[in-house]
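Here is the structure we will look at.
The values are calculated or read from the model by the stated rules, or taken from the named source; none is laboratory data. Fair warning: this is a prediction, and the values are worked out from it, not measured in the lab. Neighbour counts run over all protein chains shown; Cβ positions are idealised from the backbone, glycine included. Keep in mind that these areas ignore ligands, DNA and RNA; they rest on the heavy atoms of the full protein, side chains included. Shrake-Rupley method; radii C 1.70, N 1.55, O 1.52, S 1.80 Å.
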Amino acid sequence: MAQGERETAAGRSRGALVGALVVTGGFLVVEVIGAVWTGSLALAADAGHMLTDVGGLALALFATWVAARPPTPEKTYGYYRVEILAATVNALLLLGIALLILVEAYHRLRAPREVQGGPMLAIAVAGLAANLVAAWLLHRDARESLNVRAAYLEVLGDALSSLGVIVAALLVMGMGLTIVDPLVSALIALFIVPRTWRLLKQAVNVLLEGTPSHLDLREIEGAMIQVPGVGRVHDLHVWTLTSGREAMSAHVVVADVLESERLLEALHAVLHARFGIDHTTIQLDIERSVLQIKSPGAV
């Protein structure tokens, strides 16, 4: 298989991933220093979220490089699944960060600390701009690749968390409500958990070789049966190799195995055109008649 044919959806997004990594990585240092300087937990939460952005983007880039490697006798599918593993790691890291934020927010609510609102506001505004640029770079390719989608959701969640930090900074500056800082940090954590959980479920479904959510086995079976010469389909399985690459295997019962070439071409055409499945393994079985033997005295 040619290298170009092995290029994955995430691989085609390598330029966007590099650009987003440069933007988020460059600003991460500023935000960490700002969190220590201002004493803001909300800003620290945003910095922690941005740290997962950087780690996620780095993992995504590494995964695109590894996934492009050709298959070997030991790994006949190649390294496609590395992209899904990276998405899983990203989701788990983000859930861990959210838990740490919630724990620290609880302690801050019981014992509030002084926060410098002015510098906190300036850094949060700059962080929002950086995240919006990174999200814009990744938006187009997030629909095609689960791995890119993981990075995109992290950046988008961080942009929204930056908005929360801006609101908290304004309240601290205008009304002296330092308690708002841990409250906003907790809201940031609670906001990112449901989206991350959905991403984790998708990645685990791929690793367990579950049926892709956008495909219906009954619909695929019905389309295959409509091909002239096909009697029935059994042992039908559809799974995802990596984002945008589904595979299928099935036994197809036919009336005349001599038409195998025509039948296979027709089945491949239907699966590609209607469901976007290109990697198929189809075994043709002959429809066998059942011979009934009756005893001499039977009516």
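Things worth noting here:
- Within the range 191-295, the proportion of Cα pairs with more than 18 Å between them is 54 percent.
- The length gained on full extension between W65 and V204, counted as 0.36 nm times the residue separation minus their Cα-Cα distance, comes to 47.9 nm.
- Under Karplus coefficients 6.51, -1.76 and 1.60, residue-wise ³J(HN,Hα) of the range 96-105 in Hz, glycine/proline x: x, 4, 4, 5, 4, 4, 4, 5, 5, 4
- Taking the accessible area of the chain, probe 1.4 Å, and keeping the other protein chains in place, the carbon and sulfur fraction comes to 64%.
- GluC sites (Glu not before Pro) restricted to DSSP loop in the range 82-171 with at most 16 other C-beta within 10 Å: E114, E144
- Backbone amide hydrogens, once placed in the peptide plane, bring R232 within less than 5 Å of V253, excluding anything fewer than 5 places away on its chain.
- Helix content alone sets the calculated 222 nm mean residue ellipticity of the chain: runs of n ≥ 4 DSSP H residues at -39500 (n - 2.57) each, divided across all residues, give -22500 deg cm²/dmol.
- Fully extending the segment from H237 to S213 would add 7.3 nm, taking 0.36 nm per residue of separation and subtracting the current Cα-Cα distance.
- Here the simple spin-label model places points 7 Å from the Cα toward Cβ, and for H268 and R113 these points are separated by 6.3 nm.
- In sequence order, the range 123-134 has phi-based couplings of 5, 5, 5, 5, x, 4, 4, 5, 5, 5, 5, 5 Hz under the Karplus curve 6.51 cos²θ - 1.76 cosθ + 1.60, θ = phi - 60°, and Gly or Pro positions carry x.
- Averaging the sequence gap over all C-alpha pairs within less than 8 Å and six or more residues apart, then dividing by the number of residues, gives the chain a relative contact order of 19 percent.
- Residue-normalised accessible area of the chain, expressed per residue, 1.4 Å probe, Å²: 52 Å²
- Taking Y152, Y106, Y80 as the candidate residues, the one with maximal mean-square fluctuation in a Gaussian network model of the chain, Cα springs under 10 Å, is Y106.
- Residues H251, H49, sorted by accessible area with the largest first, give H251, H49 [1.4 Å probe; ligands and nucleic acids excluded].
- Entry for log10 I(q)/I(0) by the Debye sum over Cα atoms at q = 0.08, 0.12, 0.16 Å⁻¹ (calculated from the structure that is shown) out of (1) -0.48, -0.81, -1.14; (2) -0.35, -0.77, -1.29; (3) -0.30, -0.71, -1.38: (1)
- Global geometry of the range 111-156, whether rounded, prolate or oblate, following the gyration tensor of its Cα atoms and the 1.5 cut on a/c: oblate
- DSSP bridge orientation in the chain - percent antiparallel, rounded to nearest 5: 55 percent
- Accessible heavy-atom area order of R113, R14, R140, R149, highest first, probe of 1.4 Å: R140, R113, R14, R149
- HN-Hα J in Hz across the range 256-270 - Karplus 6.51, -1.76, 1.60, θ = phi - 60°, x for Gly and Pro: 9, 5, 5, 8, 4, 4, 5, 5, 5, 5, 5, 5, 4, 5, 5
- Cα lying deepest toward the dipole's positive end in the chain, options L183, V206, P194, charges on Cβ: L183
- Prolate is the label for the range 18-158. Its Cα gyration tensor axes, ordered a ≥ b ≥ c, give a/c of at least 1.5 and a/b above b/c.
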